[in-house]
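Note sheet for the following structure.
The values are calculated or read from the model by the stated rules, or taken from the named source; none is laboratory data. This is a predicted model, so every value here is computed, not measured. Don't worry about glycine lacking a Cβ; one is built from the backbone with ideal geometry, like all the others, and counts go over all protein chains shown.
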């Protein structure tokens, strides 16, 4: 998420971004929720009613969508007589400006008389209302959750604004009510960037020529030498792709000084900025260590990856494709999620299938999983196969959320990250892949201690 603005009025340039107003009586945690959503300390948080008397605006990004949040003063509090009407007027202005309302209540206290009065006022508003039962991590707050149905709205959302529990599910539901606008970094381009990489002389340039040689509309082309990256924008079945033909990557110890070294750096940069990487393998030179090095670098960057066996028309035994694929799978068992494709730049065999798969993987990288579904899969996986004991202690996964897309990034809050064995990390990753079909792309698994509060999104 982005940082909140310190201004006390909405940013006119952000007028198209939906505004969410946080309302409720004093001392229920409205400002704590605002700080959690915006990842700032812009709103003062004290255990005293009436701390916030004016509106406070901030921005957030959630699942690639932008929203704007406004924190308001507490309604029906013990304000001095001269301030009470001013606070109410400021809150009413925020409500009128907003596209949706977060009605924050105290999950420990249960619904109070002021809550019912505020609910009556909000029912007259045109905006959708979401009831947020804060302090849900305290005592027996969960037992009182059903009482909030009496306020006359849909199901209350239990959250802990201080610790972050339940906030991701709350934002998921907010996006269903108010979809937000796309994050700027993805909306500015939207093209699928494809890097073609591999050792020298494996047929990368001929593969590019075969891709562009079919009947497609080339939008633009930036020419260069054989040591340059050549970016070509073209259309395929309604999708815009940016094709990057890179110089061959060799082992670092064998890279010559000067131009060739720079070409290797360009190739690695192309991987860094790619959505999907096509690693071209020459079927006549079976699986070198350098190929696995390149695949390892792609995995580290969590990019999409397709293993492309080129020059398949030169294979002596075409019937041996299945056996060859098994050898590739065995050698690249550290990236078992990467599919294998067979192509021939000469005959055009497999080119269309390769592009269709590329577009599919780019879509997989944008896939978003609801937090509740993600937690069910992780908890089911841990029940089926518990983590190993390390120094008489066992890993506990307390909460899981998807933090980003492209690459898909999952944050698991645990009792101690040091208890995450690499094999169990791989097991949980495989369970997430299998449940939500993340084949074809690297994903990131981040393990954080539950008390850490350094995420780029709400916990």
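Filtering the range 355-370 down to residues that are in contact with a helix residue (DSSP H, G or I) (Cβ under 8 Å, 6 or more places away or on another chain) and crowded, with 19+ Cβ neighbours inside 10 Å, which residue is nearest to residue 238 (Cα to Cα)?
Step one: filter the range 355-370 for residues in contact with a helix residue (DSSP H, G or I) (Cβ under 8 Å, 6 or more places away or on another chain), giving 355, 367, 369-370.
Next, only the ones that are crowded, with 19+ Cβ neighbours inside 10 Å stay: 355, 369.
On the way: 355: 12, 369: 26 Å.
Looking at residues that are in contact with a helix residue (DSSP H, G or I) (Cβ under 8 Å, 6 or more places away or on another chain) and crowded, with 19+ Cβ neighbours inside 10 Å, I get 355.
If residue 114 meets every condition in (1) out of contact with any helix residue (DSSP H, G or I) (no Cβ under 8 Å at 6 or more places or on another chain); (2) modelled with pLDDT of 90 or more apart from one, which number is that one?
All conditions pass for residue 114, except number (2).
Can you find, within the range 204-230, the residue that is modelled with the lowest pLDDT among those that are surrounded by 12 or more Cβ atoms within 10 Å (Cβ to Cβ), touching a helix residue (DSSP H, G or I) at 6+ places or on another chain (Cβ under 9 Å) and under 25 Å from residue 297 (Cα atoms)?
227
Need at least 3 residues that are farther than 20 Å from residue 196 by Cα and more than 32 Å from the chain's Cα centre (by Cα) per element, so show me which helices (runs of 4 or more DSSP H) inside the range 314-394 make the cut, counting only ones lying wholly within it. Can you show your working first?
Working: elements: 321-331, 351-365, 371-384.
Filter on the range 314-394 gives 321-331.
Given 132, 104, 174, which one is in contact with a helix residue (DSSP H, G or I) (Cβ under 6 Å, 6 or more places away or on another chain), crowded, with 19+ Cβ neighbours inside 10 Å and in the same structural domain as residue 32 (by TED's automatic domain parsing)? Break it down stepwise before answering.
Details: 132 fails: in contact with a helix residue (DSSP H, G or I) (Cβ under 6 Å, 6 or more places away or on another chain); 174 fails: in contact with a helix residue (DSSP H, G or I) (Cβ under 6 Å, 6 or more places away or on another chain).
Result: 104 is the single residue among 132, 104, 174 that is in contact with a helix residue (DSSP H, G or I) (Cβ under 6 Å, 6 or more places away or on another chain), crowded, with 19+ Cβ neighbours inside 10 Å and in the same structural domain as residue 32 (by TED's automatic domain parsing).
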